[in-house]
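Report on one structure; see the data block that follows.
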Amino acid sequence: YGAGGGYGAQQGYSEERNSARRVADHYSARSNQTLEERENSPIIHLKKLNNWIKSVLIQLYARPGDCVLDLACGKGGDLIKWDKAKVSYYVGVDIAEGSIKDCMTRYNGDTDQQRRKKFSFPARLLCTDCYEARLDEYLYEDAPFDICSCQFALHYSWSTEARARQALANVSALLRPGGTFIGTMPDANVIIKRLRESEGLEFGNSVYWISFGEEYAEKKLPASRPFGIKYKFHLEDAVDCPEWVVPFHLFKLLAEEYDLELVLMKNFHEFVHEYLQKPEFTELMRRLGALGDGRQDQSTLSQDEWEVSYLYLAFVLRKRGPPPSQ
Ligand code: SAM
């Protein structure tokens, strides 16, 4: 692994590169938690709910035998989900060296936590900036992919137009015609609504806060500059770094330029209400334990965690063109 993303404390690096480095350092420094630490997390039920949402997306859109590209794969928290979906090949890419190392450890199953049967698919891991590098130059032997996933990470590409475009260009270049792009990211509509409702430029609750800079004192998104709208995001026991607003209607339009058509977009609350009705997903929720016995009554997820989940949305895009004939 290691595509030589090439970041370092060099002078003359642009602001967005420094921001990307800050994000990478933040995630790199987050060490793997023990099971006990995880269970004691103040957002344990939110983490379980997020895992349920990612599992539902994977079960709905992955098919046995699929080749998977996991952009911003992190520590490989979704490897087991892909295994359950019986995929045949997995490529994970992330900018954070520490996360890629943890992902490799998890794939090799050589920690106490992961003493389980080996994964049934071969995997390749790459450490680079997915929103700057041309990934097709590294992955031409692995492409095309049937499905691409980018979970809780696409908003890190929205710091500049060039990075947002490179993210979509990578997905489009590597997916086969008819291939699927699934993901989760912050819901800009909710974030801007919360900002307008708040007294100042900060809002949050006991588990998170979001803070905008003085340049957003008017609480309006600059129509002329839809990229680079930065805020600071803090989520207890999870995230503490800069993020960027992704206005969804612009994301949809930009994606179309790269032959990626919108199939689905749902805020997490809507997603939970809809898919929790389905028996197979109710059962999965029961096993994960995010919402107690599977009823959407928040019996274990706290109100503050449930509010955080409202800040996110799930999306599905499809690459134009007919799938190859079988
Ligand atoms: N997708 C994983 C999951 O759902 O568990 C990890 C999500 S974590 C919230 C965000 C991830 O995005 C981190 O692993 C971080 O290193 C990665 N990331 C952020 N910017 C990136 C970039 N420019 N290129 C590749 N990965 C990036």
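The values are calculated or read from the model by the stated rules, or taken from the named source; none is laboratory data. These numbers were taken from a predicted model, which means no experiment stands behind them. Neighbour counts run over all protein chains shown; Cβ positions are idealised from the backbone, glycine included.
Looking only at residues in region 171-197 that are assigned to a strand (DSSP E or B) and hydrophobic (A, V, I, L, M, F, W, C), which one is farthest from the ligand (Cβ to nearest atom)?
Looking only at region 171-197, we keep the residues that are assigned to a strand (DSSP E or B), and these are 175-186.
Within this subset, residues satisfying the condition of being hydrophobic (A, V, I, L, M, F, W, C) are 175, 181-182, 185.
Working: L175: 17, F181: 14, I182: 11, M185: 10 Å.
This residue is L175.
Which one of these is modelled with pLDDT of 95 or more and within 14 Å of the ligand (Cβ to nearest atom): D94, D146?
The conditions single out D94.
What about Y27, is it in a helix (DSSP H, G or I), among the hydroxyl-bearing types (S, T, Y) and touching a helix residue (DSSP H, G or I) at 6+ places or on another chain (Cβ under 7 Å)?
yes
Restricting attention to region 157-170, does a residue exist that is buried (at least 21 other Cβ atoms within 10 Å of the Cβ), assigned to a loop (DSSP other than H, G, I, E, B), polar (S, T, N, Q) and within 13 Å of the ligand (Cβ to nearest atom)?
Yes: region 157-170 contains one or more residues that are buried (at least 21 other Cβ atoms within 10 Å of the Cβ), assigned to a loop (DSSP other than H, G, I, E, B), polar (S, T, N, Q) and within 13 Å of the ligand (Cβ to nearest atom).
Being within 15 Å of the ligand (Cβ to nearest atom), closer than 18 Å to D142 by Cα and not in a loop (DSSP other than H, G, I, E, B) is the requirement here; does D70 meet it? Can you show your working first?
Values: within 15 Å of the ligand (Cβ to nearest atom): yes; closer than 18 Å to D142 by Cα: yes; not in a loop (DSSP other than H, G, I, E, B): yes.
Answer is yes for this residue.
Residues to consider are I58, I80; find the one that is under 18 Å from L288 (Cβ atoms), within 13 Å of the ligand (Cβ to nearest atom), in a helix (DSSP H, G or I) and free of Cβ contacts under 8 Å to residues at least 60 places away in the same chain.
Matching residue, one of I58, I80: I80.
Given the structure, is R134 within 16 Å of the ligand (Cβ to nearest atom), basic (K, R), more than 24 Å from P42 (Cβ to Cβ) and surrounded by 21 or more Cβ atoms within 10 Å (Cβ to Cβ)?
Numbers: within 16 Å of the ligand (Cβ to nearest atom): yes; basic (K, R): yes; more than 24 Å from P42 (Cβ to Cβ): yes; surrounded by 21 or more Cβ atoms within 10 Å (Cβ to Cβ): no.
Taking the combined requirement at face value, the residue does not satisfy it.
Residues to consider are N51, N32; find the one that is outside any helix (DSSP H, G or I), within 13 Å of the ligand (Cβ to nearest atom) and out of contact with any strand residue (DSSP E or B) (no Cβ under 9 Å at 6 or more places or on another chain). Steps first, please.
On the way: N51 fails: outside any helix (DSSP H, G or I).
Sole residue among the options that is outside any helix (DSSP H, G or I), within 13 Å of the ligand (Cβ to nearest atom) and out of contact with any strand residue (DSSP E or B) (no Cβ under 9 Å at 6 or more places or on another chain): N32.
Taking S19 and the conditions (1) part of a helix (DSSP H, G or I); (2) near the ligand (Cβ under 10 Å from one of its atoms); (3) within 15 Å of the chain's Cα centre (by Cα), which numbered condition does it fall short on, given that it satisfies the others?
That leaves (3) as the condition not met.
Tell me, please, whether a residue that is within 29 Å of D78 (Cα to Cα) and either in a strand (DSSP E or B) or touching a His at 6+ places or on another chain (Cβ under 9 Å) (or both) can be found in region 209-227.
Checked against the condition, which is being within 29 Å of D78 (Cα to Cα) and either in a strand (DSSP E or B) or touching a His at 6+ places or on another chain (Cβ under 9 Å) (or both), region 209-227 yields at least one hit.
Is it the case that region 133-154 has a residue that's hydroxyl-bearing (S, T, Y), out of contact with any Asp or Glu (no Cβ under 8 Å at 6 or more places or on another chain) and part of a loop (DSSP other than H, G, I, E, B)? Full working, then the answer.
In the first step, residues of region 133-154 are kept if they are hydroxyl-bearing (S, T, Y); the result is 138, 140, 149.
So of that shortlist, the ones also out of contact with any Asp or Glu (no Cβ under 8 Å at 6 or more places or on another chain) come out as 138, 140.
From the residues that got through so far, the ones that are part of a loop (DSSP other than H, G, I, E, B) too are 140.
Yes, there is a match, as at least one residue in region 133-154 is hydroxyl-bearing (S, T, Y), out of contact with any Asp or Glu (no Cβ under 8 Å at 6 or more places or on another chain) and part of a loop (DSSP other than H, G, I, E, B).
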